[in-house]
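Participant: Dropping the structure in here first, questions after.
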């Protein structure tokens, strides 16, 4: 069930409560992106707090944003829309039945770039949502599925977080992340191996925190297409 909500209603509480988001809103949202449609999604999947829909310039969120974690997530989704409108996103075409793979791949390319921007320019504390994600995954993650596509999707998703956690320099938080990785590796060894491979590909063609330049992203995806035999399902040209 979806409800269209006015932006002032969605963002008013966090604009009043969090100076980091207030400055981000004034300097990025108002100056770099036009009208955004906001939808309250009462059937948001577990573990997903919000997501952006590029063509319709919309943000879907699961609960009324109130906390600092929500402020971070909302800023993150707005940045995705900004990068899309400014033509900074690599266009990935895909076979309709592998939407989940293409969705995770796009996120893996974009999320580390967005997070670095928010941390560097607006002092968002990424640890809050990252540690929350660890807690959720420990309670909900299942053992490894045996089919190759599921393993690849899970590996891409984990690689996304591996890249993003490179932004955290807090020792206590990093210890918790290392502990989670050991937990994940035990539960899903094949997906973990894929994630490790992908991170190395990203480092080679992009850098420690991903590749902001589209040409470098193309090289990353091209290498993944070759390595995981995706020639008939993912297309970048």
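One line per residue, one yes/no per condition, for (1) modelled with pLDDT of 90 or more; (2) surrounded by 22 or more Cβ atoms within 10 Å (Cβ to Cβ); (3) closer than 26 Å to residue 150 by Cα:
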| position | (1), (2), (3) |
| --- | --- |
| 71 | yes, yes, no |
| 110 | yes, yes, yes |
| 117 | yes, no, no |
| 122 | yes, no, no |
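Participant: Give the residues of the stretch 140-197 that are closer than 20 Å to residue 113 by Cα and either part of a loop (DSSP other than H, G, I, E, B) or touching a strand residue (DSSP E or B) at 6+ places or on another chain (Cβ under 8 Å) (or both), sorted by residue number.
Facilitator: Selection gives 166, 167, 168, 169, 170.
Participant: Here is a follow-up. Taking interchain pairs and intrachain pairs at least six residues apart, which have beta carbon atoms under 6 angstrom, with the first residue in the stretch 111-122 and over 21 Å from residue 158 (Cα atoms) and the second buried (at least 18 other Cβ atoms within 10 Å of the Cβ)?
Facilitator: Listed pairs, sorted by first residue: 122/20; 122/24.
Participant: Moving on to the next point. Filtering the stretch 139-149 down to residues that are surrounded by 10 or more Cβ atoms within 10 Å (Cβ to Cβ) and in contact with a helix residue (DSSP H, G or I) (Cβ under 8 Å, 6 or more places away or on another chain), which residue is farthest from residue 194 (Cα to Cα)?
Facilitator: 141
Participant: If you don't mind, another one. When you go through (1) more than 19 Å from the chain's Cα centre (by Cα); (2) under 25 Å from residue 131 (Cβ atoms); (3) outside any helix (DSSP H, G or I) one by one for residue 231, which number turns out not to apply?
Facilitator: (2)
Participant: Which condition number does residue 41 fail, the rest of (1) in the same structural domain as residue 217 (by TED's automatic domain parsing); (2) in contact (Cβ under 8 Å) with a residue 40 or more places away in the chain; (3) over 14 Å from the mean Cα position of the chain (by Cα) being met?
Facilitator: (1)
Participant: Mind checking which residues of the stretch 200-229 are within 20 Å of residue 158 (Cβ to Cβ) and touching a residue at least 40 places away in the same chain (Cβ under 8 Å)?
Facilitator: 202, 208, 209, 210, 211, 217, 220, 221, 224, 228
Participant: Can you pull out the residues in the stretch 86-95 that are modelled with pLDDT of 90 or more and either surrounded by fewer than 17 Cβ atoms within 10 Å (Cβ to Cβ) or under 15 Å from the mean Cα position of the chain (by Cα) (or both)?
Facilitator: So the first thing to find is which residues in the stretch 86-95 are modelled with pLDDT of 90 or more, and the list is 92-95.
Once the filter is applied, which keeps residues that are modelled with pLDDT of 90 or more and either surrounded by fewer than 17 Cβ atoms within 10 Å (Cβ to Cβ) or under 15 Å from the mean Cα position of the chain (by Cα) (or both), the stretch 86-95 yields 93, 95.
Participant: Pick out the one residue from 165, 177 that is in contact with a helix residue (DSSP H, G or I) (Cβ under 7 Å, 6 or more places away or on another chain) and over 18 Å from residue 110 (Cα atoms).
Facilitator: Numbers: 165 fails: over 18 Å from residue 110 (Cα atoms).
Criteria check complete, one pass: 177.
Participant: Could you figure out which of (1) in contact with a strand residue (DSSP E or B) (Cβ under 9 Å, 6 or more places away or on another chain); (2) in contact (Cβ under 8 Å) with a residue 12 or more places away in the chain; (3) within 26 Å of residue 235 (Cβ to Cβ) isn't true of residue 53?
Facilitator: So residue 53 meets the others, but not (2).
Participant: So how many residues does the stretch 29-50 have that are under 18 Å from residue 69 (Cβ atoms), in a loop (DSSP other than H, G, I, E, B) and in contact with a strand residue (DSSP E or B) (Cβ under 8 Å, 6 or more places away or on another chain)?
Facilitator: Number of matching residues: 2.
The values are calculated or read from the model by the stated rules, or taken from the named source; none is laboratory data. These numbers come from a predicted model, not from an experiment. Please note: Cβ atoms are built from the backbone with ideal geometry, for glycine as well, and neighbour counts cover all protein chains shown.
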